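The values are calculated or read from the model by the stated rules, or taken from the named source; none is laboratory data. Computed from a predicted structure; not experimentally measured. Reconstructed Cβ throughout: ideal geometry from the backbone, glycine too, with neighbour counts over all protein chains shown.
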Amino acid sequence: MPDPITIIRSDETSHGAYRAEVPGSTKLAELTWRADGNVRVADHTFVPPEARGTGIAAQLVEALVADAREQGFTVVPQCSYVAVAFRRHPEWADLLAKE
């Protein structure tokens, strides 16, 4: 289990992000999204190269999923990393936006 990170959420109504500081890097890890009604389109995930494979991206997706459950929105996993995470977690299927 990776060490928990502090995730900073930004919500600008039409778009937002989940960001986290990465030890040993000047760059932040992030998952960005844009809104489409009550749907969040997860469109990009980035983790600095020196921190890849440490579970940071997974924790960003888990924060998105937790907010979807709490706030009642659904998700379009446009980013390939987020799409894979949803395939690995069938228990999140109810959070996928209907096409």
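Look at segment 50-82 and say how many of its residues are surrounded by 13 or more Cβ atoms within 10 Å (Cβ to Cβ), without any contact (Cβ under 8 Å) to a residue 24 or more places away in the chain and of a type in the set (A, V, I, L, M, F, W, C).
Residues in segment 50-82 being surrounded by 13 or more Cβ atoms within 10 Å (Cβ to Cβ), without any contact (Cβ under 8 Å) to a residue 24 or more places away in the chain and of a type in the set (A, V, I, L, M, F, W, C): 0 in total.
Of all residues in segment 29-43, count the ones that are buried (at least 16 other Cβ atoms within 10 Å of the Cβ) and over 20 Å from Gly72 (Cβ atoms). Before the answer, list the steps.
Within segment 29-43, the subset buried (at least 16 other Cβ atoms within 10 Å of the Cβ) is 29-34, 39-42.
With the extra rule that they be over 20 Å from Gly72 (Cβ atoms), the set shrinks to 29-30, 32.
Going through segment 29-43 one residue at a time, the tally reaches 3.
Based on this model, can you work out whether Thr26 counts as among the polar types (S, T, N, Q) and either loosely packed, with under 13 Cβ neighbours inside 10 Å or over 21 Å from Ala83 (Cβ atoms) (or both)? Quick ask: steps written out before the conclusion?
Values: among the polar types (S, T, N, Q): yes; either loosely packed, with under 13 Cβ neighbours inside 10 Å or over 21 Å from Ala83 (Cβ atoms) (or both): yes.
It is true that Thr26 is among the polar types (S, T, N, Q) and either loosely packed, with under 13 Cβ neighbours inside 10 Å or over 21 Å from Ala83 (Cβ atoms) (or both).
What tally of residues in segment 12-50 results from selecting those that are modelled with pLDDT of 95 or more, more than 18 Å from Leu96 (Cα to Cα) and acidic (Asp, Glu)?
Count: 1.
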